[in-house]
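Reading through the structure tokens given below for one structure.
The values are calculated or read from the model by the stated rules, or taken from the named source; none is laboratory data. The model shown is predicted, which means the values in this text are computed figures rather than measured ones. Neighbour counts are summed over all protein chains in view; Cβ atoms, including those assigned to glycine, are modelled from backbone coordinates with ideal geometry.
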Amino acid sequence: MILGSLVEPHILFRKFSPLKYTVYGVEVATRGFYKAILRYGSFDEVHFFTFLPRDNITSEFSSFKHLKIIPRRLLPQYIAKIKYQIFFRSSPFITEIVNLRSRFATQPFPVCGYAFTISYHVLLKEMFLWNYFSSTMTFDSIVSPSRATRSALQNIDRLLKKRILVDFGLNLVRQHRFDYLPLGIDSEKYEAIGRFRARKNLNLPKEKIVILYLGRFSNYDKMVLTPLLSVYKKLISKNKNLLFIFAGSNAQNKYGLELKKIANEIGILKNAHFYFNPSERKKMILYAASDIFVSPSDNIQESFGLTLIEAMASGLAVLASDWNGYRDIISHGEDGFLIPTLWADCVDDISSTSDIFNSWERDHFLLAHSVCVNMQKMHYYLDLLVNNKNLRINLAYAAQKKIKQKYDWGVLIPRYERLWKRLYLLSRKSKLMPIGKASLFMPDYFYCFSHYASRMLKKSDIFAITPEGIEALSKINREVLSEFLRGIFSWRIAFVILDYLRGKNGCSLDEVVSKTKKVFKKTDISSQTIVYHIQWLIKNNYLIVIS
């Protein structure tokens with residue numbers, strides 16, 4: 001069995017400093033997912049198509065022998081020759097793969113995408129509309145990390161279909177499915193650090209009850225935290241033995257610094273510690289050092305709650321807003337507490353001006369400020385946990401047990417594979433998949449712009465090698481190619497063309513293409529690839545057209 005995947009380079013290669021880059025949960029989750037597929041999956045081969053060479057891959061991936069890193073430019077060739085059981089992409093943008101399948105595949109295979117976040121209004125155009133005008137099939141799927149996100153996908157889909165029917169009279173039918181499967185973690189690594197050791201590392205007092213918030217600091221892309229500070233002020237007025245920790249990426253808009261300033265103004269800063277842009281190791285220590293975890297999400301950007309399952313795996317009692325994927329994770333009163341949220345139909349002005357402002361940041365900020373998290377309930381349950389150690393311990397124990405049973409990657413990957421197997425079996429029964437069909441959105445540059453040139457290259461054109469071309473044949477260190485050219489240009493092909501023309505007065509395009517194809521008959525390179533190399537050699541004065 002072979003799995004293919006279109007992988008964004010930064011997931012495998014980018015070694016970012018949290019001080020410089022905003023750390024998004026989607027990146028952490030995606031990296032964990034791919035490692036879990038390689039570790040727990042049953043595939044004989046896993047193909048990652050990406051822009052960068054294998055030499056640059058990080059060690060956490062390079063140790064897997066059944067992983068093949070393949071240049072993205074070769075994707076059409078592999079789709080044509082490899083019998084994939086599934087092709088996965090860690091985003092909901094599956095149309096590129098679907099359209100390549102329609103054009104190049106010799107047999108159907110399912111394409112599966114993952115919808116981490118679907119709240120950006122541009123997705124209406126970039127994902128949903130494209131899906132309607134591409135060749136998705138009933139065995140293709142977009143998977144959501146929570147039931148609420150899947151329902152939102154279905155709502156958006158129905159809304160778009162209705163508008164297309166009303167405005168354009170087109171009754172379009174969506175073929176692909178919407179499925180639900182949660183994200184996971186390697187739960188055992190969150191139990192490795194003891195609380196005493198963690199607090200010693202952070203220089204925190206042993207006797208304090210530590211309440212932790214850990215997540216991206218952003219009031220437009222994560223959650224509004226200022227109401228929580230008022231709750232903390234009430235708590236500290238009754239119990240001086242509390243310590244509040246705020247931790248997370250602060251590279252986005254410096255919202256963390258604003259919170260720290262407000263904490264100082266209301267008089268709780270001496271009981272609050274801020275850890276900006278912590279490393280992955282520091283995050284683990286912060287979880288281990290804490291007693292209670294709080295996440296009052298109010299943003300439609302949230303789709304799952306990765307920090308919740310990390311905190312639960314670390315043995316914390318968790319309080320979270322009753323919002324989207326959070327309610328899938330927490331069973332209220334059994335392994336945590338859900339804080340009620342309140343919304344109202346009051347945001348038409350925001351929706352109607354989205355295209356005018358073209359700013360998802362503005363939309364998310366305004367929407368978040370229309371969602372209310374019940375801070376009276378937040379205070380009640382926090383006070384309950386602060387004053388009841390046994391309750392904290394019981395909730396934490398139940399939470400750890402749930403994560404091991406339901407959210408560990410070792411448990412989840414077989415579930416993903418069962419879904420993919422069902423999709424594959426459906427694809428084998430299908431006889432409806434269009435073959436050789438070009439995508440509506442695929443450009444045809446030559447057809448559209450060929451009239452720009454003085455004339456077109458002809459099969460009868462005669463070429464000859466130049467002195468520069470002869471010199472290039474003898475060079476050991478040839479010129480360094482740009483990053484983009486590395487994906488399509490091969491010095492080996494260029495060398496074969498130049499070597500064939502050496503000592504000849506000239507040869508026709510047809511002859512050069514024919515002879516070069518014979519040399520590379522095992523790799524089956526196309527005539528267009530050879531002609532591209534010839535054009536490049538002419539452009540760089542290694543060849544000349546003599547008639």
Practice task
List every residue pair whose Cβ atoms sit under 6 Å apart, with the two residues 6 or more apart in sequence or on different chains, where the first one lies in the stretch 418-437 and is under 17 Å from Ser134 (Cα atoms) and basic (Lys, Arg) and the second, anywhere, is assigned to a helix (DSSP H, G or I) and modelled with pLDDT under 95.
Solution key: Lys437/Ser102
Problem - Set Ile403, Ile350, Ile356, Ile393: member being under 16 Å from Thr307 (Cβ atoms) and aliphatic (A, V, I, L, M) - result: Ile403
Problem - Per-region count, the stretch 451-461, residues surrounded by 15 or more Cβ atoms within 10 Å (Cβ to Cβ) and more than 16 Å from Trp536 (Cα to Cα) - result: 0
Problem - Every pair of residues 6+ apart whose Cβ atoms lie under 6 Å, when the first sits in the stretch 219-232 and is within 24 Å of Thr117 (Cα to Cα) while the second is small (Gly, Ala, Ser) and part of a loop (DSSP other than H, G, I, E, B) - result: Lys222/Gly215; Met223/Ser297
Handout entry: Residues located in the stretch 167-186, provided they are of a type in the set (A, V, I, L, M, F, W, C) and at pLDDT 90 or above
Key = Phe178, Leu181, Leu183, Ile185
Handout entry: helices (runs of 4 or more DSSP H) lying entirely in the stretch 345-426 (those with 3 or more residues that are surrounded by 14 or more Cβ atoms within 10 Å (Cβ to Cβ))
Key = 360-368, 375-386, 389-402
Fill in the blank from the handout: Here the qualifying pairs (Cβ atoms under 7 Å; residues six or more apart or on different chains; first in the stretch 336-364 and within 17 Å of Ile300 (Cβ to Cβ) and not assigned by TED's automatic domain parsing to the domain that holds Thr117; second assigned to a helix (DSSP H, G or I) and small (Gly, Ala, Ser)) come out as Asp363/Ser354
Practice task
For the stretch 194-243, name all the residues that are over 18 Å from Lys261 (Cβ atoms), small (Gly, Ala, Ser) and not in a loop (DSSP other than H, G, I, E, B).
Solution key: Ala198, Ser237
Problem - Hits in the stretch 517-547 (condition: more than 22 Å from Phe446 (Cα to Cα), polar (S, T, N, Q) and modelled with pLDDT of 90 or more) - result: Asn541
Exercise for the section: Report those helices (runs of 4 or more DSSP H) wholly inside the stretch 13-85 carrying at least 1 residues which are modelled with pLDDT of 70 or more and of a type in the set (Val, Ile, Thr). Expected result: 25-40, 75-81
